[in-house]
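The values are calculated or read from the model by the stated rules, or taken from the named source; none is laboratory data. This one's a predicted model, so the numbers in the text were calculated from it and none came from an experiment. Because the Cβ atoms are built from the backbone with ideal geometry, glycine has one as well, and the counts that use them run over all protein chains shown.
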Amino acid sequence: MYVCVCKGITEKALREAIYQGAGRMRDLKACLGVTGQCGLCACHAKQILDEALLQKSQLQDFISQQSTCMCETVT
Ligand code: FES
């Protein structure tokens, strides 16, 4: 689904950029150009950014917990 029609940026492209390290709207604007023209996509892009950052954080916490358990099992 397109989030930014002006630049042809999809939700998938936004999420990939976020998982690769874009953590702020200015990062998404710099790497993809989102909000670079009319700006109507800003609210939706910010919503996706917030959701993806939360999911990324939860995934990292889960992986961290799993790593801890594996170390305790091995030793
Ligand atoms: S819809 Fe994103 S800049 Fe216009």
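Could you check how many residues of the stretch 7-22 are out of contact with any Leu (no Cβ under 8 Å at 6 or more places or on another chain) and within 11 Å of the ligand (Cβ to nearest atom)? Outline the logic, then answer.
Initial filter on the stretch 7-22 (out of contact with any Leu (no Cβ under 8 Å at 6 or more places or on another chain)): 8, 10-12, 15-16, 19-21.
Filter once more, so that each one left must be within 11 Å of the ligand (Cβ to nearest atom): 8.
Total meeting the criteria: 1.
Take the residues in the stretch 46-69 that are of a type in the set (Gly, Ala, Ser) and modelled with pLDDT of 90 or more; name whichever of them is nearest to Arg26 (Cα to Cα). Talk me through it step by step, then tell me what you get.
Taking the stretch 46-69 first, the residues of a type in the set (Gly, Ala, Ser) are 52, 57, 64, 67.
If we keep only those that are modelled with pLDDT of 90 or more as well, we get 52, 57.
Values: Ala52: 15, Ser57: 20 Å.
Among those residues, the one meeting the criterion is Ala52.
With the requirement that a residue be of a type outside the set (Asp, Glu) and over 14 Å from Gln55 (Cβ atoms), what does the stretch 23-34 give you?
First, the residues of the stretch 23-34 that are of a type outside the set (Asp, Glu): 23-26, 28-34.
Passing the criteria: Arg24, Met25, Arg26, Leu28, Lys29, Ala30, Cys31, Leu32, Gly33, Val34.
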